[in-house]
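The values are calculated or read from the model by the stated rules, or taken from the named source; none is laboratory data. If you're wondering where the values come from, they're calculated on a predicted model, not measured in any experiment. FYI the Cβ positions are ideal-geometry reconstructions off the backbone, even for glycines, and counts take in every protein chain you see. Note: areas computed on protein heavy atoms with side chains; ligands, DNA, RNA excluded. Shrake-Rupley method; radii C 1.70, N 1.55, O 1.52, S 1.80 Å.
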Amino acid sequence: MTANDAPSGKQPTATYDSAFLKACRREPVPHTPVWFMRQAGRSLPEYRKVREGVPMLESCMRPELVTEITLQPVRRHDVDAAIYFSDIVVPLKAIGLDLDIKPGVGPVVEQPIRTRADLARLRDLTPEDVTYVTEAIGMLTRELGATPLIGFAGAPFTLASYLVEGGPSRTYENAKAMMYGDPELWADLLDRLADITAAFLKVQIEAGASAVQLFDSWVGALAPADYRRSVMTASAKVFDAVAGYGVPRIHFGVGTGELLKLMGEAGADVVGVDWRIPLDEAVRRVGPGKALQGNLDPTVLFTDKDTVEARAREVLDAAAGLEGHVFNLGHGVMPDTDPDALTRLVDYVHSHSAR
């Protein structure tokens, strides 16, 4: 089944004819749909208020809090889709790994994965491990009505980079050393992570998510040949595992201009593009049969209204010939972004692209 199919054995859901899902399916839309990566988060004062004193991972495990945070940008910005508030390391925490998200640092793993014996710590993820996800998505879909909810997960390479390095890295020296020097261990690690990731996405879809995005945030550190040889199989396994649900599958990474075609071939229906190349060039690289998502530079939002609109217009003009386009930033909303700038941008894209 592909994203162009209606939900199997069901009447179309309330979200099926939304502009966002139509664009993902490369169908005509009333306007270009908009949502933002990290639209729920530190740029919103209401987010900072409800998160005050609550550690990040704990906030991801409280259904009422997850629901409120996920809904905040929908209420404020009138975006065309919500994205489930969570973190890519949540499924790893759920299977018992000793890790935490440290403010100002990011995910930190107490005992990195470095040997074959360490793989035993990566057990299967079950729905019972993440009941709070099922509960939160049930609450969200009731509140959102016809607005789609995007589920998400970290891709095997990005998860592996955190696990092997023990935390964030600029060079990925330990992860890439394993990939180059012990390709069998690396392949088994990514295969295990693919299973965990697929299980996490299935929970979200079965609970009511209308689309899913696989974040391979750091895969741009790889050459195309290494991606094809050492990463693509695991990412494809994730996409294949959820293909039968018929929901759009989005794939995004940073600095992936040289990988866009391969990321699409891994199984995505929609390929996310960062700000480094224009969308008309991106579609040439990706090839036919895929929608594109992106790709305004997030720092543009720190300029004046006229500049933001001019740059947004450039993105829309570059996307004019695409079969399907979802407007987004080229990466996540930055913490110091003025929320009103985002609201104005949504309104501009909707009005300028109205059919």
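Values as computed for the structure displayed
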quantity: Selection within region 304-328 - at pLDDT below 95 and either of a type outside the set (A, V, I, L, M, F, W, C) or in a helix (DSSP H, G or I) (or both); calculated: G321, E323
quantity: Members of region 253-294 found to be under 17 Å from the mean Cα position of the chain (by Cα) and either basic (K, R) or in a loop (DSSP other than H, G, I, E, B) (or both), listed by number; calculated: G253, V254, G255, T256, A266, G267, A268, D269, V273, D274, W275, K290
quantity: Only listed residue being in contact (Cβ under 8 Å) with a residue 24 or more places away in the chain, within 26 Å of P335 (Cβ to Cβ) and in a helix (DSSP H, G or I), chosen from F152, F157; calculated: F157
quantity: Residue in region 114-136 that is farthest from Y180 (Cα to Cα), counting only those that are open to solvent by less than 50 Å² (accessible area, probe 1.4 Å) and in contact with a Ser or Thr (Cβ under 9 Å, 6 or more places away or on another chain); calculated: A136
quantity: Count of region 30-53 residues which are over 17 Å from P335 (Cβ atoms), open to solvent by 20 Å² or more (accessible area, probe 1.4 Å) and touching a helix residue (DSSP H, G or I) at 6+ places or on another chain (Cβ under 7 Å); calculated: 2
quantity: Any hit, region 161-173, residues being open to solvent by 10 Å² or more (accessible area, probe 1.4 Å), more than 30 Å from A146 (Cβ to Cβ), touching a helix residue (DSSP H, G or I) at 6+ places or on another chain (Cβ under 6 Å) and not in a helix (DSSP H, G or I); calculated: yes
quantity: Unmet criterion (only one of (1) open to solvent by 20 Å² or more (accessible area, probe 1.4 Å); (2) within 19 Å of A320 (Cα to Cα)) for E258; calculated: (2)
quantity: Boolean, H331 is open to solvent by 20 Å² or more (accessible area, probe 1.4 Å), within 16 Å of M37 (Cα to Cα) and either touching a residue at least 12 places away in the same chain (Cβ under 8 Å) or part of a strand (DSSP E or B) (or both); calculated: yes
quantity: Qualifying residue in region 62-84 (condition: outside any loop (DSSP other than H, G, I, E, B), more than 19 Å from the chain's Cα centre (by Cα), exposed (fewer than 15 other Cβ atoms within 10 Å of the Cβ) and in contact (Cβ under 8 Å) with a residue 60 or more places away in the chain); calculated: yes
quantity: Pair list, Cβ under 6 Å, 6 or more apart: region 34-46 residue at positive phi, other residue modelled with pLDDT of 95 or more; calculated: R38/G332; R38/V333; G41/Y47
quantity: Checking A320 against (1) of a type in the set (G, A, S); (2) over 16 Å from P73 (Cβ atoms); (3) open to solvent by less than 40 Å² (accessible area, probe 1.4 Å), the condition it does not meet; calculated: (3)
quantity: Qualifying residue in region 239-252 (condition: of a type outside the set (D, E, K, R), in contact with a His (Cβ under 9 Å, 6 or more places away or on another chain), part of a helix (DSSP H, G or I) and open to solvent by less than 10 Å² (accessible area, probe 1.4 Å)); calculated: yes
quantity: Pairs, first farther than 15 Å from F327 by Cβ in region 262-286, second among the aliphatic types (A, V, I, L, M) and assigned to a loop (DSSP other than H, G, I, E, B), C-beta under 7 Å, six or more apart; calculated: D269/A3
quantity: Within region 213-238, tally of residues that are aromatic (F, W, Y) and either open to solvent by less than 40 Å² (accessible area, probe 1.4 Å) or at positive phi (or both); calculated: 2
quantity: The one condition in (1) over 16 Å from K93 (Cβ atoms); (2) of a type outside the set (S, T, Y); (3) open to solvent by less than 20 Å² (accessible area, probe 1.4 Å) that D195 fails to fulfil; calculated: (3)
quantity: Among (1) in contact (Cβ under 8 Å) with a residue 24 or more places away in the chain; (2) of a type in the set (A, V, I, L, M); (3) loosely packed, with under 12 Cβ neighbours inside 10 Å, the one test that A94 misses; calculated: (3)
